[in-house]
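Below is one structure, written out as structure tokens, with a few remarks after it.
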Amino acid sequence: MEELIDQYVEILNGSGEASSRFWALEERINRDKLSSGVIATDIRRSTMHREIANLLIDNVITLDDLDGFTEEIKSYAQHWIDQ
């Protein structure tokens, strides 16, 4: 989230008309709201595999971030990376 905020500040501090920067920021926020890294707030055990796959697909995490997880989860994650 910190990285996103920094990017939003860059958009607002960029060149061009204020209205153009505002609408560019709104478009970017609306797109980012759909990212797994932003919406993953209520992960349950029953949906964990799917959430991990979504985070990998959206490049929010990498396989290295799964160190310490079970082999089953790592295998499932690897399956999604290989597709």
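The values are calculated or read from the model by the stated rules, or taken from the named source; none is laboratory data. What you see is a predicted model; the values in this text were computed from it and never measured. Positions of Cβ are generated from backbone atoms using ideal geometry, with glycine treated the same way; all protein chains shown enter the neighbour counts. Just so you know, the surface numbers come from the protein's heavy atoms only, side chains and all, with ligands and any DNA or RNA stripped out. Shrake-Rupley method; radii C 1.70, N 1.55, O 1.52, S 1.80 Å.
A few notes on this one:
- Rounded to 10°, Cα long-axis angle of helix 2-13 versus longest principal axis of the chain: 20
- Efficiency of FRET from Cβ geometry, GLU27 and THR62, R₀ 30 Å, rounded to 0.05: 0.65
- Signed unit charges on C-beta, dipole axis of the chain, positive-most listed residue PHE69, MET48, ASN59: MET48
- Cα-centre dipole for the chain with unit charges at Cβ (Lys and Arg positive, Asp and Glu negative), debye to 20: 340
- Protein heavy-atom accessible surface, 1.4 Å probe, per residue over the chain: 77 Å².
- Extending 7 Å from the Cα toward the beta-carbon at both GLU17 and HIS49 defines two label points whose distance is 5.2 nm.
- In degrees, nearest ten, helix 18-32 long axis to first principal axis of the chain (Cα): 10
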